1. For segment 268-338, give me every one of the strands (runs of 3 or more DSSP E) that falls completely inside it and has 2 or more residues that are in contact (Cβ under 8 Å) with a residue 12 or more places away in the chain and within 15 Å of VAL349 (Cβ to Cβ).
2. How many of the residues in segment 149-176 are open to solvent by 40 Å² or more (accessible area, probe 1.4 Å) and either modelled with pLDDT of 90 or more or in contact with a helix residue (DSSP H, G or I) (Cβ under 7 Å, 6 or more places away or on another chain) (or both)?
3. Output the residues belonging to segment 214-225 that are assigned to a strand (DSSP E or B) and either surrounded by fewer than 19 Cβ atoms within 10 Å (Cβ to Cβ) or hydroxyl-bearing (Ser, Thr, Tyr) (or both).
4. Which of the following residues is under 23 Å from VAL161 (Cβ atoms) and among the aliphatic types (A, V, I, L, M): ALA241, ALA227?
5. Look at VAL369 and say whether it is open to solvent by less than 80 Å² (accessible area, probe 1.4 Å), more than 17 Å from GLU438 (Cα to Cα) and under 36 Å from the mean Cα position of the chain (by Cα).
6. Would you confirm whether or not segment 50-63 contains a residue that is in contact (Cβ under 8 Å) with a residue 40 or more places away in the chain and closer than 22 Å to PRO256 by Cα?
7. Taking segment 193-211 as the search range and keeping residues that are in a loop (DSSP other than H, G, I, E, B) and more than 31 Å from the chain's Cα centre (by Cα), which one is surrounded by the most Cβ atoms within 10 Å (Cβ to Cβ)?
Amino acid sequence: GIKCGGVLSAPYGNFSSPNFPGRYPYETECTWLIVVAEGSSVLLSFSHFELEYHAACAYDYLQVYNGAARDQGNLLGTFCGRSPPPPFSSAWHVMAVLFRSDRHVAKRGFAAAYRKDACGGQLTGLSGEITSPRYPESYPNNAECRWSIGGGSGGGPLTLVFTDFQVEGGQGCGFDYVALFDGPTTAAPRLGHYCGSTRPPRIVSSAPHLLILFKSDFNIGGRGFKAHFYSAGECQEVFTAIKGNLSSPRYPEFYPNNLKCQWSIQLPPGYRIKVFFLDMELEGRSSLTGGCDYDHLAAFDGGTENGSLLGRWCGRESLAPVTSRSNQLLLVLHTDRNTAKRGFSIAYVGVVPMNVSCTRTDFHIQIPVQSLARLERNRIYLGTPSCAAQVVGRNFRIHTRFDTCGTESQKRNNTSVIVSTLYIDFSAGDQEDIHQYEVQCEPKKKEASVTLIAGPDPSRLSQAENLVDAQQREGGATDAREIKSQDTSDIVFISICILAGLLMVIAVVGLVLL
């Protein structure tokens, strides 16, 4: 029967737990939705706080949401006990506060105040967007806005990227300007001081805090600016190792809302990148369009979003591996303002570029030295270490007969094939790291293939696909001549068989005539 909660739409106000400063009632749940003018943010602070304590806040608790309540992606924190929550600034014009009590132990509760902030504020998310007042309309005169970014759970350096910039110019930027500081206050080292219509460069802080100060004078304005920030580590990483793992922020817990995260995989020239989706659960498809219009993960061939789109995924799906066509691949996660899920876990492995061919009697394997520049030739072998590669020109080469190097004959789909295993040993120190590729030849057709069978984690990566495509089978004129010369043994063998057959026919005819 207790009335509490509601929509708070005034520019500023106060609210408190039921009966405050008396003890709040048992088994009560209240939700306050604070809505201010669009384009503004909500500043929330607590003057008193006393709830029943539990290490995990499982009994009585208060939750603060950066947007609508009950969406785990919007959750800024859960609080109980006597330590008040820190001041909060919303990333947009809506904030929600939820209070719940159980049937035992009541305390005095809390008192809170909020106000609309036209510009500036404290931003604690892993990523977000910042705009000047009234953007893209002309910003007001005599404005001063401060955005303090940091203090969240990410803890890594911050990157700031301006996507639009038009501020009154002038020598020394003495009129209207944007100043950036490498810390939470203006006492921190200055990272830049900008005005005019040229976009500032990408800024990276050295600490997990960044202050943005915008000032305008009494006349002459401009369109202002638009920028986005993200925290390195969970939300922005570059991978250069031959194999690795990555996951969405907070995985396997719900990822935050309002994210744009990027993971760039950059391997040596010649490599391709194979991505395995170990687990994925994002917000589902749009019921109107059937597309991934809300939260989604996209993969691009190359180092930027201008590259070819390899895939765009959402929902809860079991996905086949994806292989890039170049030595760089970019993964981008977009999340909107609501409905967060568990996220994703991904493993990748660099696929070594190689050319595999065969005759009726031999395997021929060729790998560019530049793709394995740090490896000795004896760490690349077929079947057994005694069948190590040789360095010929700019390539590692293995040329071996089918009756050596651990090859064996098998029946697959009623077809006789010759199979062996190519080992590439990337081990360093005590860390064993051996990649295995199955090489296969169908002698009758003289067709070869290679399949990655052990890379990031064989126990988790049960799927493997044929890694030889048209590009890998194409070789230069030199390779063509080599393969042609390699096939001369087949021609000689066939000629001998024909000659032997003719001699047998002549002998039989001679015996008959005698």
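1. Details: elements: 272-281, 296-301, 308-313, 328-334.
Correct list: 272-281, 328-334.
2. Adding up the residues that qualify gives 2.
3. LYS215
4. Values: ALA241 fails: under 23 Å from VAL161 (Cβ atoms).
Being under 23 Å from VAL161 (Cβ atoms) and among the aliphatic types (A, V, I, L, M) holds for just one of ALA241, ALA227, which is ALA227.
5. yes
6. So far as segment 50-63 goes, yes, one or more of its residues are in contact (Cβ under 8 Å) with a residue 40 or more places away in the chain and closer than 22 Å to PRO256 by Cα.
7. So in segment 193-211, the residues in a loop (DSSP other than H, G, I, E, B) come out as 195, 197-202, 205-208.
With the extra rule that they be more than 31 Å from the chain's Cα centre (by Cα), the set shrinks to 195, 197.
Details: CYS195: 23, SER197: 12.
Ranking the candidates gives CYS195 first.
To keep it simple, each residue is scored yes or no on (1) part of a loop (DSSP other than H, G, I, E, B); (2) buried (at least 23 other Cβ atoms within 10 Å of the Cβ); (3) at pLDDT 85 or above; (4) hydroxyl-bearing (Ser, Thr, Tyr).
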position: HIS48; (1), (2), (3), (4): no, no, yes, no
position: ALA56; (1), (2), (3), (4): yes, no, yes, no
position: ARG70; (1), (2), (3), (4): yes, no, no, no
position: GLY81; (1), (2), (3), (4): yes, no, yes, no
position: MET95; (1), (2), (3), (4): no, yes, yes, no
position: PHE99; (1), (2), (3), (4): no, yes, yes, no
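The values are calculated or read from the model by the stated rules, or taken from the named source; none is laboratory data. This structure is a prediction, so every number in the text was calculated from the model and none was measured. Ideal geometry is used to build each Cβ from the backbone, glycine not excepted, and the neighbour counts take in all protein chains shown. Ligands, DNA and RNA are excluded from the accessible area calculation, which covers all protein heavy atoms including side chains. Shrake-Rupley method; radii C 1.70, N 1.55, O 1.52, S 1.80 Å.
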